[in-house]
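The values are calculated or read from the model by the stated rules, or taken from the named source; none is laboratory data. Predicted model, so just to flag it, every value in this text is computed and none were measured. Because the Cβ atoms are built from the backbone with ideal geometry, glycine has one as well, and the counts that use them run over all protein chains shown.
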Amino acid sequence: MTLQIKTSCITCGSDKGKFLLNKALDGRGEGEINLFQCQNCQTVYLQDWPLEFVPELYDYYASRFHQDKQTLYEPINDSRLKSVLTSLKPLVKGQKMLDVGCGEGQFVDVALRCGWDASGIELSDSAVAICQNFGLPVQKIDLFDQTLETNSFDLITLSEVIEHISHPAPFIARTAQLLKPEGLLYLTTPNFDSLDRRILGADWRVIHREHLSYFTPSTLKYLIENNTNLKVFYIETKHFSLESIGRLRPKILPDQDLTNNDNQIKTIETVERDQLLRHKIEFSNSLKIIKFGINKMLNLFGLGSAMVSLCRKNS
Ligand SMILES: [Zn+2]
């Protein structure tokens, strides 16, 4: 497949981009990533972003096809997604929900179990195959497919999706079209202003080939409110990784003594420790209180690594 690429701002099209950082993608011959920041709208974007969806980037779903639902869907995510839906319920009038870029379908599955009239759309063949294998109402269509009716959804969810999209402005405009008047958009994306990114720089795990754009609370608000009739009425940032804490500790070994392989092992170990901590927090009330306090502080200064926004369509 020959990729058609563009180098101007992914959000507003301005050519006034300023080089921000370079990241070498070690070990797998994937080259490097260069991020630029638009001097017009401040969005951060991949220098040579592809104009279309690149299926090869999402091949990894295929390796999970033969796993059963109990193995694939982590219980900890089930309870997290249930609590998201519980908090959204009072803000939404009806129950018709669309999860865009639904991946393996866990959010659709949880929503159906919670009584929502939920469905999903996804472009990765292997992810759609997993969803359909589980009997979920998930179609392989894009957001612009004419079978999706305008003004028809009470809730649209975009969980970690917008950063993968080649043309986020028309994409978010189409999302708004599909919502009913007063419908709700729930959108999550990594926060480029986060403490994690500031400490880790190019080593921030979020910076990789799949992500074409990177937002902050203000650039996300700009994207949404300049392209739609949606009003962003809530933005929260939360979470901070163990990897950042490790980076702040005095180092036993200087970085130059580590090979790329050592660095990769270190990253995998940190990811596993992060997951272990998530499980520990789930079962400990005192850790939950500490986490709540940390997230309060991160949100106060807009420094959390995960960003959640809620947007309402004008009536
Ligand atoms: Zn721009």
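The table for this structure:
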item: Hey, SER79 exposed (fewer than 15 other Cβ atoms within 10 Å of the Cβ), within 20 Å of the chain's Cα centre (by Cα) and touching a residue at least 60 places away in the same chain (Cβ under 8 Å) or not; result: yes
item: Selected residue (criterion: modelled with the lowest pLDDT) from residues of segment 279-315 that are over 18 Å from the mean Cα position of the chain (by Cα) and of a type in the set (Val, Ile, Thr); result: ILE281
item: Selected residue (only one of ASP68, ASP59 is acidic (Asp, Glu), away from the ligand (no atom under 16 Å from the Cβ) and in contact (Cβ under 8 Å) with a residue 40 or more places away in the chain); result: ASP59
item: Filter pass, PRO90 being over 30 Å from GLU282 (Cα atoms) and in the same structural domain as ILE207 (by TED's automatic domain parsing); result: no
item: Subset tally (residues that are crowded, with 17+ Cβ neighbours inside 10 Å and over 16 Å from VAL54 (Cβ atoms)) for segment 114-127; result: 5
item: Members of segment 11-25 that are more than 11 Å from the ligand (Cβ to nearest atom), part of a strand (DSSP E or B) and either surrounded by 13 or more Cβ atoms within 10 Å (Cβ to Cβ) or among the β-branched types (Val, Ile, Thr) (or both); result: LEU20, LEU21, LYS23
item: Some residue of segment 26-47 being loosely packed, with under 14 Cβ neighbours inside 10 Å, small (Gly, Ala, Ser), more than 26 Å from PRO168 (Cβ to Cβ) and touching a residue at least 60 places away in the same chain (Cβ under 8 Å); result: yes
